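Note sheet for the following structure.
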Amino acid sequence: MSFVAGAQFQPRSPPPSADQVEACAVTIQASFRGYRVRKTPLVPGKIPRPLSLPAQVSAAGGVAEWNGQLPETLSLWSATDKMCKAISVEDALADLRGIMNLGHNIWAYSYMRVLYQKSMDIFYGCLMQEPEMLMPVVYTPTVGEACQKFGIMPFYSRGCYVSVSQRGNIKNVLTEYAEAELVKNPDGTYGCDCIVFSDGGRILGLGDLGAWGMGIPIGKLDLYTTCAGVDPTRTVPVILDAGIYDKNGNTAKIDIRDHPRYTGLKQDRVVHKSESGTVVNSAYYGEANMVQEFMEAATQVFGPNVILQFEDFNSNDAFPLLDTFRTQFVSYNDDIQGTAAVTCAGILGALKIKYPQCNDLVGRLARERILFHGSGSANIGAAALLHFEGGVPKSQLFMTNSRGLMWQSPDGTDGTYRNDEQKEFAVLGQPDAPHKTLEDIISLVTPTCLVGATGRTPGAFDKTVIETMLAVNQHDEHDVERPVVFALSNPRTQAECTSEEAYGFSNGEVIFGSGTKFPAVTVKGVEHKPGMVNNVYIFPCLLYTSDAADEEDSVDLGGRRIIKKKKKNKKGGERE
């Protein structure tokens, strides 16, 4: 075992300068396997990025200066750098298995981020060789915790940050990032096939994490590559930084905005009430708004075929923004459309388990009674798909919010809905029977399927709820139909129930699916393996399905039409 030092200092006077010490740290090439280590993130890249870094990182002078501010950050980098010395996929997987044996995957996440910086080939080689092991590390459930601690970890150069203070200059922000991080096409233009962008306003079920939400666009794009072979050098993760709420804006009550390591704008979001009475981000609406400028700039810099994927916007913004831009750009909202598609697919799969002889699952679907616990973008999107494409009558679709079962008066002027999207699926008339608690609602509407996606009510599907689902699906002592229960909220800490609870409370009777991975459970000698109802099965195919996109504004159950904007091929003709 040998060590090679790029620079050494003797203990003599005068002591080395700070610049010399940093130079020494940068040029260290030693490793246990004798392989040259790429420069640490304490050193800026070849091209400065004053525009496309987050506000506080840019104000500090860049990546190196930001990472060098605190000894804790330096120590954390040193620890992860020393862990990550792999020169092959096999080496890296051995390291990761050892780290993950400790039972806490945030260190595995940190390892993977360092590995990406050192060798993109090994990084994706690991993901492709062991997707079942590592997808939960680079994405849900681990990415939720990673976003909550994003600024505490060393900052890396991947990711473009567009600030609301840069309105009028967004094209230059994207151009700067492309020049620094992307490979050019043969004709000299910047190569980018897909952009995943978020404002951090509703990260999973964790609330407003602002610029720390960058872990989500990064993780989504990692899965584009792992699951669909998308070239990672032709993707851009983006955060639109329009400010961040105080600690009351996130479920863990973390004071992110005033945290010394918060990377984004340290200012509140500017909001107003929309015409429908919902609170929305003011920067996203009106003439020359931030989202419009960003999407126009993206197509100017990367061409009209670039996919622009909305990710983790607050529901009050998600629906109107998608409605506004879906006909102008090749755009897609994963929370609305992706989750809807995989939820419907999951329900169809559950019906195949319930009715193995059924040859018309879509026809059977129209006879189901489905209760959605939560009325955010995911559940509303799924309800819309089930009704408009699956033929499920609205009278068989039910939805809850914080005030219980959603209802509207016959004339539509009163009710418990909060916006037009919720009103669409509010039942007509205020029920006479109790309809505030979940078990009362289940008893009232007798659903065959219960879908949870509140993001804010972990453990909501308790023993009473599961037993009530069994009761309403038991026609007599000899005729019991297995109810379907989906706990879709992410990360794992926000799930409505675990696999152990779902199968344990029901003695293995429910058909269970979850938005995050849960282990198999054995009940009475029978192993029950939960399905993973996650849009990872949907969005990676966008670069292929969008080739078939036409002018029809629909999302069908086969997943063929999820983007309305018609794409042009390189010769200017329509893609078929």
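The values are calculated or read from the model by the stated rules, or taken from the named source; none is laboratory data. These numbers were taken from a predicted model, which means no experiment stands behind them. Cβ: placed from backbone, ideal geometry, glycine included. Neighbour counts: every protein chain shown. For accessibility, only protein heavy atoms count, side chains too; no ligands or nucleic acids. Shrake-Rupley method; radii C 1.70, N 1.55, O 1.52, S 1.80 Å.
Annotations for the structure displayed:
- Of all DSSP bridge pairs formed entirely within the chain, close to 30 percent run antiparallel.
- Listed cross-link partners 352/423; 220/423; 85/149 are compared with a 26 Å cut-off, the Cα-Cα value being larger for 352/423; 220/423.
- Whole-angstrom Cα spans of segment 96-196 along principal axes, big to small: 48, 34, 19
- Close amide H contacts of residue 194 (hydrogens built in the peptide plane, cut-off under 5 Å, sequence separation of 5 or more or a different chain): 236, 307.
- Across the chain, the relative contact order, built from alpha-carbon pairs under 8 Å that are at least six residues apart, equals 11 percent.
- Shape category assigned to segment 270-378 from the gyration tensor of Cα positions, a/c cut at 1.5: oblate
- Greater than 29 Å apart at Cα, pairs in 118/247; 253/517; 118/184: 118/247
- Net +/- balance of residues flanking residue 397 in space, Cβ distance below 15 Å, scoring K and R +1, D and E -1: 0
- Taken about its Cα centre, the chain carries a charge dipole of about 1580 debye when Lys and Arg each add +1 at the Cβ and Asp and Glu each add -1 at the Cβ.
- Radius 12 Å from Cβ of residue 351, net charge of other residues (Lys, Arg +1; Asp, Glu -1): +2
- Placed amide H near residue 185: partners under 5 Å, 5+ positions off or other chain: 190, 191
- Between residue 409 and residue 526, the FRET efficiency from the beta-carbon distance, with R0 = 35 Å, is close to 0.15.
- Were the residues from residue 104 through residue 270 laid out at 0.36 nm apart, the gain over their Cα-Cα distance would be 56.0 nm.
- If you take the Cα centroid of segment 359-409 and the Cα centroid of segment 512-546, the two points sit 20 Å apart.
- Tensor-based shape of segment 236-300 (alpha-carbon gyration tensor, a/c under 1.5 rounded, otherwise prolate or oblate): oblate
- Electrostatic bookkeeping for residue 419 treats Lys and Arg as +1 and Asp and Glu as -1; over the other residues with beta carbon under 13 Å from its beta carbon, the sum is -3.
- Inter-centroid distance (Cα atoms) of segment 172-216 relative to segment 148-163, Å: 11
- Ranked by how many other beta carbons lie within 10 Å on average, peptides 421-434, 132-145, 244-257 from highest: 132-145, 244-257, 421-434
- 3J(HN,Hα) couplings calculated from phi for segment 529-535 with the Karplus curve 6.51 cos²θ - 1.76 cosθ + 1.60 (θ = phi - 60°) are, in sequence order, 9, x, x, 9, 9, 10, 6 Hz; Gly and Pro show x.
- Between residue 187 and residue 462, the contour length at 0.36 nm per residue exceeds the Cα-Cα span by 93.1 nm.
- Residue-averaged 222 nm ellipticity for the chain, from DSSP H runs of 4+ at -39500 (n - 2.57), nearest 500: -10000 deg cm²/dmol
- Put 187, 462 in order of accessible area, highest first, and with a 1.4 Å probe you get 187, 462.
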